[in-house]
Each structure stands twice: as C-alpha cells, then as structure tokens.
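In what follows, a single structure is set out as structure tokens and then discussed.
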Amino acid sequence: MRKKDCFYLGKIAKKFSFKGEVLIYLDTDEPELYENLESVFVDFDGQLVPFFINEASLHKSDFLRVKFDECDSEEDADRIIGSEIYLPLTMLPKLEGNKFYYHEITDFEVIDTNEGPIGKLKRVNDSNYQPLFEIDLDGTEILVPMIDELIHKVDRENKKLYLNVPVGLLDIYLGR
C-alpha cells in the first residue's frame, strides 16, 4: 500500500499494558467509526506495514486501545510507539454538500462567485492556525482563508469549487 492511497488516522501514543497493548491517538471527529477495524497500516521509515488487530475498544474520547497480533510484550509495543497509522482512502466516510476532505478537492477549478474562474486549487495548507486554499493562477499563488462562509458550493461531479472571495483580496494578488 502506498501512502498517497491512504489517509492519516492517528499515532501510536503509548503502551497500555505489559501484554503489548497500545493506545492510538485518533485524529478524527468520529472515533467510533474506527472501533471495529481488522487492520491498519503502520508507517516504518516511510513504508506502510499492515498490522492486524486482535482486539480494539475506545478509550476515553480520542484513543483506541488496541491489541495487535504478534505484539505480545512491552518490548514489542516499544518498537511501534510514535508510529503513524494509516488506512486506505476507500475507508473514508463519504461527505456531501459543502463538506470535503482536503485531498478530495485538489486540482479543482476554483471559481469566485463575483470574478469567475481564478485558478486551480493546488492544496489546502493546514499548517497554520487558519487553513488556506492555495490556488494557482498561471503561476501566481493566491491564498484564500478556508472559512465555511466563503465556500459557496463544492461541485464534485465537475471538479469545481465555488468561493465567495472577500472583495479586494484578489486585487492584492493580481496587482489591481
């Protein structure tokens, strides 16, 4: 399995017992969706390795308590602590309307409701406090805050993202 075909689910945070159980921090708003997994992919130096789950249960609100097959001791658990966990993109719940996964809208044509087409969406940059749409318009990078009020429509069928870009923002990037 390749990482580009997967999504990040979380990270193995710490040991839970002396019998090899671990706690996985789940980076999701709906941890209950992942309570009955049969397996996950664990990232070892950029390689995704399948790990099969013997038992799993939710622990507190954001953790999944897991007993992996072949992980029977504290030493076994120590080897995987800090590793990232991935699942295939096909396991993501389908979103509708104006809700979307960041990877899903990459390369969509971006259309401002007032100005018309403004470029292609390169990616959503969520490394800052405020996520940003990174839009490419013929080599010019346009950054638009990813705020619900600015998202007019997500047209998955035609790969188009309609935004209500604040008045004057495009002028800053286009030198108008």
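The values are calculated or read from the model by the stated rules, or taken from the named source; none is laboratory data. The model shown is predicted, which means the values in this text are computed figures rather than measured ones. Positions of Cβ are backbone-derived with ideal geometry, glycine not excepted, and every protein chain shown enters the neighbour counts. Protein only, heavy atoms only, side chains kept; ligands, DNA and RNA dropped before computing areas. Shrake-Rupley method; radii C 1.70, N 1.55, O 1.52, S 1.80 Å.
Touching a residue at least 24 places away in the same chain (Cβ under 8 Å), open to solvent by 50 Å² or more (accessible area, probe 1.4 Å), of a type in the set (A, V, I, L, M) and in contact with a helix residue (DSSP H, G or I) (Cβ under 8 Å, 6 or more places away or on another chain), is that true of Leu58?
Numbers: touching a residue at least 24 places away in the same chain (Cβ under 8 Å): yes; open to solvent by 50 Å² or more (accessible area, probe 1.4 Å): yes; of a type in the set (A, V, I, L, M): yes; in contact with a helix residue (DSSP H, G or I) (Cβ under 8 Å, 6 or more places away or on another chain): yes.
The answer is yes for Leu58.
Could you check segment 1-20 and list, in sequence order, the residues that are within 22 Å of Glu75 (Cα to Cα) and either part of a strand (DSSP E or B) or among the polar types (S, T, N, Q) (or both)?
Let us first name the residues in segment 1-20 that are within 22 Å of Glu75 (Cα to Cα), namely 10-20.
Once the filter is applied, which keeps residues that are within 22 Å of Glu75 (Cα to Cα) and either part of a strand (DSSP E or B) or among the polar types (S, T, N, Q) (or both), segment 1-20 yields Gly10, Lys11, Ile12, Ala13, Lys14, Lys15, Ser17.
The set of residues in segment 2-20 being over 14 Å from the mean Cα position of the chain (by Cα) and open to solvent by less than 40 Å² (accessible area, probe 1.4 Å) consists of Ile12, Ser17, Gly20. Is segment 112-121 home to any residue that is open to solvent by less than 50 Å² (accessible area, probe 1.4 Å), small (Gly, Ala, Ser) and in contact (Cβ under 8 Å) with a residue 24 or more places away in the chain? The answer is no, given that none of the residues of segment 112-121 is open to solvent by less than 50 Å² (accessible area, probe 1.4 Å), small (Gly, Ala, Ser) and in contact (Cβ under 8 Å) with a residue 24 or more places away in the chain.
I want to confirm something. Restricting to segment 21-55 and keeping residues that are in a strand (DSSP E or B), touching a Leu at 6+ places or on another chain (Cβ under 8 Å) and in contact (Cβ under 8 Å) with a residue 24 or more places away in the chain, which single residue is surrounded by the fewest Cβ atoms within 10 Å (Cβ to Cβ)?
The initial filter retains those residues of segment 21-55 that are in a strand (DSSP E or B), namely 22-26, 39-44, 47-55.
Next, from what is left, pick out any that are touching a Leu at 6+ places or on another chain (Cβ under 8 Å): 23-24, 26, 40-42, 53.
Adding the requirement that they be in contact (Cβ under 8 Å) with a residue 24 or more places away in the chain leaves 23-24, 26, 40-42.
Details: Leu23: 22, Ile24: 28, Leu26: 23, Val40: 28, Phe41: 22, Val42: 19.
If we take residues in segment 21-55 being in a strand (DSSP E or B), touching a Leu at 6+ places or on another chain (Cβ under 8 Å) and in contact (Cβ under 8 Å) with a residue 24 or more places away in the chain, then Val42 is surrounded by the fewest Cβ atoms within 10 Å (Cβ to Cβ).
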